[in-house]
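Remarks on the structure that follows.
The values are calculated or read from the model by the stated rules, or taken from the named source; none is laboratory data. None of these values were measured; they are calculated from a predicted model. Cβ coordinates were reconstructed from backbone atoms using ideal geometry, including for glycine residues, and neighbour counts include every protein chain displayed. When the accessible area is computed, the model is the full protein with side chains, heavy atoms only, and any ligands, DNA or RNA have been set aside. Shrake-Rupley method; radii C 1.70, N 1.55, O 1.52, S 1.80 Å.
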Amino acid sequence: MMDSSPAAITPNVDAAIATLKAKGVDSLPPLAIVLGSGLGPFADEASGAVAVSYADIPGFPVPSVEGHAGRLVVGAIEGRRVALFRGRGHYYERGDANAMRVAIETFRGLGGETLLLTNAAGGLNKEWVPPALVAIRDHINFAGANPLIGYPGQDRFVPLTQAYDPGLTADLHEAARASEIELFDGVYMWFSGPSFETPAEIRAARVLGADLVGMSTVPEVILARRAGLRCAAVSVVTNYAAGLAGGDPSHEETQEVAARAADAFKRLLRAFIRHAKA
Ligand code: HPA
């Protein structure tokens, strides 16, 4: 008979937890933030922090993308202990939609409750001048991949009706108001990458209801929801999506524009950490 325990395909979660405990991280705080493009340095602002390189935690991704150093940092921001995932694994790196599975399940296993994801995205709304910030209200999985394929057990049938927790998203908007930051609201469409989209794909994305396009976050939200975590997400629009403004999007532009948003983005995260009932 097939082993129906999740452990059957997540052999590393126990090892990852054991490794963190051996390094003195016995528990993780209820709130974690995945720091996307341009936000990595936010992890340096945590006080009394413990940092563990992903490379030292079995099953954690070893990001191959420049500008995505892999490190789990646990420390206090705004007087509140948070876990910061500095860097992420992407589907396009190895064709593995589970790149973040062990990291997410380890967070849950050590006490995590709420996951705030951040990313860089292309914008479909011409009024969102880069580097605009956008709370993700919902997503469209257009990558043809799902991390739960092959996952045994009934809990693979994860409802995604409220994948982005309305209460947390309201907290994000409240945090934006309190810190006088403009925060838009939109639907994120996941493309596998690593190539950028064609103009025809962007026209199709618009017809299908997308406001943003990007190469991350969606598999993480699916994994997090299966693990029972509440999720919220924010994109920084680093460019107009392909064909909207002429010129090619590029990884360099993404990094450069995301870095320009960092100050406002960090203020938003600090206000969220202060206010959120997460
Ligand atoms: N497309 C996909 N992913 C992205 C983009 C984009 O235009 N910009 C930043 N990440």
Fill in the blank from the handout: Looking only at lysines whose Cα falls under 24 Å of LYS277's and that sit 8 or more positions away or on another chain, we get LYS266
Problem - Table column - 3J(HN,Hα) (Hz), the range 138-143, Karplus curve with 6.51, -1.76, 1.60, x for Gly and Pro - result: 6, 9, 10, 8, 10, 8
Fill in the blank from the handout: Rounded to a whole %, the carbon-and-sulfur portion of the accessible area of the range 6-275 at a 1.4 Å probe is 49 percent
Completion exercise
Once normalised by the length of the range 6-275, the mean sequence separation of its alpha carbon contacts under 8 Å that are 6 or more apart gives a contact order in percent of 25 percent
Problem - Cα centre as origin, Lys/Arg/Asp/Glu Cβ charges: the chain dipole, Debye - result: 560 debye
Problem - Å² per residue, accessible surface of the range 6-275 at 1.4 Å - result: 40 Å²
Completion exercise
The answer for ARG137, listing residues at least 5 apart or on another chain whose modeled amide H is closer than 5 Å to its amide H, is GLY186, VAL187, TYR188
Completion exercise
Here FRET efficiency (C-beta to C-beta, GLU113 to ARG203, R₀ 30 Å, nearest 0.05) is 0.15
